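Written out below as structure tokens is the structure these notes cover.
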Amino acid sequence: QVQLVESGGGLVQAGGSLSLSCAASGRISSINRMGWHRQAPGKQREMVAQITTDGSTNYADSVKGRFTISRDNAKNTVSLQMNSLKPEDTAIYYCNADIKTFPFLPFRDYWGQGTQVTVSS
């Protein structure tokens, strides 16, 4: 059993900052890519940022220069530092990770339960 648990969401004014964290726990053999997605009301879930084991990152155009993703491979955690927040960043933010539970099994995509981020204008 694998769990991803997010923390750090909340309410912030436009221009402010928030930091999200996600910890993976349970039966974990190895973790490949980790990342954050978000889903705003009435919209499809979209990728926000991703990071590989060696630290290579990928960001949605809408957050480049404002958000920073990082990970701690020893602790199986991934974080998202969000600066200069805008009302359009309001969404539920989900952590996800590609995880092997045993060395001989393929990677599988796991998701957290989500954390609400609300940016007021």
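The values are calculated or read from the model by the stated rules, or taken from the named source; none is laboratory data. Small disclaimer: the values here were computed from a predicted structure and weren't measured. FYI the Cβ positions are ideal-geometry reconstructions off the backbone, even for glycines, and counts take in every protein chain you see. These accessible areas exclude ligands, DNA and RNA; they are computed on the full protein's heavy atoms, side chains included. Shrake-Rupley method; radii C 1.70, N 1.55, O 1.52, S 1.80 Å.
Residues that are at pLDDT 95 or above and either buried (at least 17 other Cβ atoms within 10 Å of the Cβ) or touching a Phe, Trp or Tyr at 6+ places or on another chain (Cβ under 6 Å) (or both) number at least 2 in the following strands (runs of 3 or more DSSP E) confined to the range 57-121: 67-72, 77-82, 91-100, 108-111, 115-120.
Of the strands (runs of 3 or more DSSP E) that lie entirely inside the range 1-54, those containing 3 or more residues that are of a type in the set (A, V, I, L, M) and either open to solvent by 60 Å² or more (accessible area, probe 1.4 Å) or over 20 Å from T118 (Cβ atoms) (or both) span 2-7.
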